[in-house]
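To keep things clear, I will list the structure first and then write my remarks on it.
The values are calculated or read from the model by the stated rules, or taken from the named source; none is laboratory data. Small disclaimer: the values here were computed from a predicted structure and weren't measured. Backbone-built Cβ (ideal geometry, glycine too); neighbour counts: all protein chains shown.
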Amino acid sequence: MHIQDILQRYQSTISFEFFPPKSEKAAEALYGTIAELEPYKPSFVSVTYGAGGSTRELTHDLVVRLKETTELDPVPHLTCVCHGEDEIRSIVERYAKAGVSNILALGGDPPRDRSGWDRSQDAFRHAADLVAFLKRFNDESGSHPDPRGFGIGVAGFPEGHPETPNRLLEMDYLKAKVDAGADYIVTQLFFSNADFYDFRDRCELAGINVPIIAGIMPVVSRKGMTRMAELAAGARFPAKLLRAIDRAGDDAAAVERVGVHYATEQCLDLLENGVAGIHFYTLNQSAATREIYASLGLRDTDALHSRAD
Ligand SMILES: Cc1cc2nc3c(=O)[nH]c(=O)nc-3n(C[C@H](O)[C@H](O)[C@H](O)COP(=O)(O)OP(=O)(O)OC[C@H]3O[C@@H](n4cnc5c(N)ncnc54)[C@H](O)[C@@H]3O)c2cc1C
């Protein structure tokens, strides 16, 4: 189902992000996580695309496996970096053939080893160009089982994207993605809901009227927090959260409790404030997500939907 249809039907959604496993052991652990999380009936799940297109096949294989062997509705991420147009078209055609309903269209993180990367060889410079390509594919190819083709999502950055310090221009670029054909926005992780609400307001002022899904990643360890700060460049960790983590000291279980509690408070507040959706960055683990559901009083995602009925 198109994400925009799901978002229209429900007051708020909850969805999960996974990344494709790179070893047998990691795959086994992920399938265990998926089995634990499937009963929570997420509105959809998304599967990341490795930096520089490094998980092209792995992303495809996980998406198709989820589609064929679970009740989950998988959304592949697809990025511009390191791809020519023919390559992107063949990836998209395979997803169309598999009946995948949506794609999250992204600029993409640069490859880890940048030595062989010539950006001028990429067919698409920015996510807006990829969105426009997908829109053309939807209009012209006729190969998707849904006559509308793919639903299209794009990324948003409540705290701003580090490559664009000009926050006015940044909203123009986000609007260009939506005007090119995106149906919804999923945000980068954030720890201050005020940043999200302000972003939502700024989108409205800029004439960006598609639903905005909030990206939430609970801190589950000190190491994880360091990694988050590296990956989500520019992420701001509020003093309130840092102080609580400091108080937990070397007690790993206490750090995790603090992080999950903090994320739960964020989710409670987002739901109270009519968020279109919450997207959990699970890091292929289920514990934090399950705890948050329990603390929100949710047996599964349907329980959230029925509140809005
Ligand atoms: C929800 C989410 C999921 C993600 N999943 C992945 C993933 O699976 N794989 C991966 O590699 N990365 C992923 N990322 C990271 C993302 O690809 C990078 O942060 C990337 O730098 C920005 O992506 P974008 O889609 O916003 O790109 P873009 O919209 O292309 O923006 C990239 C930068 O260029 C600027 N810009 C946009 N248009 C223009 C223009 N016309 N002229 C000048 N500047 C412009 C933007 O302001 C921004 O600073 C994800 C990010 C989010 C929020």
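Some notes on this structure:
- Between H261, H305, H279, the distinction of being in a helix (DSSP H, G or I) and under 21 Å from I3 (Cβ atoms) belongs to H305 only.
- Selection within segment 1-32 - small (G, A, S) and part of a helix (DSSP H, G or I): A26, A27, A29, G32
- Residue match in segment 237-252 (condition: assigned to a loop (DSSP other than H, G, I, E, B) and over 25 Å from E291 (Cβ atoms)): no
- Only strands (runs of 3 or more DSSP E) whose full extent lies in segment 33-113 are considered here, and none of them has at least 1 residues that are aromatic (F, W, Y), more than 23 Å from D183 (Cβ to Cβ) and in contact with a Leu (Cβ under 8 Å, 6 or more places away or on another chain).
- Some residue of segment 142-152 being farther than 20 Å from I6 by Cβ and buried (at least 16 other Cβ atoms within 10 Å of the Cβ): no
- Scanning segment 199-214 for residues that are assigned to a loop (DSSP other than H, G, I, E, B) and touching a Phe, Trp or Tyr at 6+ places or on another chain (Cβ under 7 Å) yields V210, P211.
- When T289, T282 are checked against the criterion of being polar (S, T, N, Q), under 21 Å from Y10 (Cα atoms) and touching a strand residue (DSSP E or B) at 6+ places or on another chain (Cβ under 7 Å), T289 stands alone in meeting it.
- Flag if G207 is farther than 30 Å from V258 by Cβ, small (G, A, S) and within 11 Å of the ligand (Cβ to nearest atom): no
- In the set S101, S90, only one residue is buried (at least 22 other Cβ atoms within 10 Å of the Cβ) and at pLDDT 95 or above; that residue is S101.
- Comparison of A232, A214, A182 shows that the only residue that is closer than 30 Å to R290 by Cβ, within 11 Å of the ligand (Cβ to nearest atom), touching a residue at least 40 places away in the same chain (Cβ under 8 Å) and crowded, with 19+ Cβ neighbours inside 10 Å is A214.
- Within segment 134-173, being modelled with pLDDT of 95 or more, more than 30 Å from R236 (Cα to Cα) and not acidic (D, E) holds for L134, K135, R136, F137, N138, H144, P145, P147, R148, G149, F150, G151.
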